[in-house]
1. When the accessible area of the range 1-111 is split by element with a 1.4 Å probe, what percent falls to carbon and sulfur?
2. Which label marks the calculated value of mean projected area of the Cα convex hull in nm², given the options [x] 8.2; [y] 8.9; [z] 9.7?
3. Can you pull the one-decimal nm distance between simple spin-label points at ALA75 and ALA63, each 7 Å off the Cα toward Cβ?
4. Solvent-accessible area per residue for the chain at a 1.4 Å probe radius, Å²?
5. Helix by helix, which DSSP H runs in the chain go 24 Å or more along their axis at the Cα atoms and have an average Kyte-Doolittle hydropathy of 0.0 or more?
Amino acid sequence: MMSTQPRAVTVPTYIHQFYAGKYAASASRFSDLPAFRSFVGYQVRLVNALLSKAKGFEVDQAATVISFNHYFVTADFDDLLELLRELANHGIVDARLTASAVVEIDALRAQFDRDTASFRRMFR
């Protein structure tokens with residue numbers, strides 16, 4: 001029996017829906033579904049890292065999370081800004097937290113643009 005109850009909107013479910021809508025029509029960015037899911041999983045972790053830092057504690061360092069996401073590109077910073085704006089507009093996340101996260105994203109973007117190679121992990 002299928003539930004008719006609406007699903008609670010959480011940050012992870014919203015992020016999954018955001019990226020599913022953004023990349024549903026485009027198969028060119030990700031080679032397969034596992035690649036897309038890996039990217040989204042790291043984006044969830046990144047947003048959580050940014051929001052936790054805005055709350056005053058750090059569960060993860062955002063730069064480290066980016067370094068593990070093999071699919072992360074410079075344009076993803078713009079998507080993060082849009083995503084945070086939408087989370088605040090829908091009342092899912094407090095706008096003060098997203099404002100603080102935006103400052104962190106701007107700093108990360110500057111660091112990423114200066115030295116993209118330092119964000120790339122080498123795996124054996």
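The values are calculated or read from the model by the stated rules, or taken from the named source; none is laboratory data. Fair warning: this is a prediction, and the values are worked out from it, not measured in the lab. Here Cβ is always computed from backbone atoms with ideal geometry, including for glycine, and neighbour counts include all displayed protein chains. Quick note on the areas: whole protein, heavy atoms, side chains included, nothing else; ligands and nucleic acids left out. Shrake-Rupley method; radii C 1.70, N 1.55, O 1.52, S 1.80 Å.
1. Values: 3520 of 6330 Å².
Roughly 56 percent, rounded to a whole number.
2. Calculated mean projected area of the Cα convex hull in nm²: the matching label is [z].
3. Modelled inter-label distance: 2.6 nm.
4. Numbers: 7630 Å² over 124 residues.
About 62 Å² of surface per residue is accessible.
5. Working: long enough: 33-55 (33 Å, 0.44); 95-114 (29 Å, 0.17).
Flagged H segments are 33-55, 95-114.
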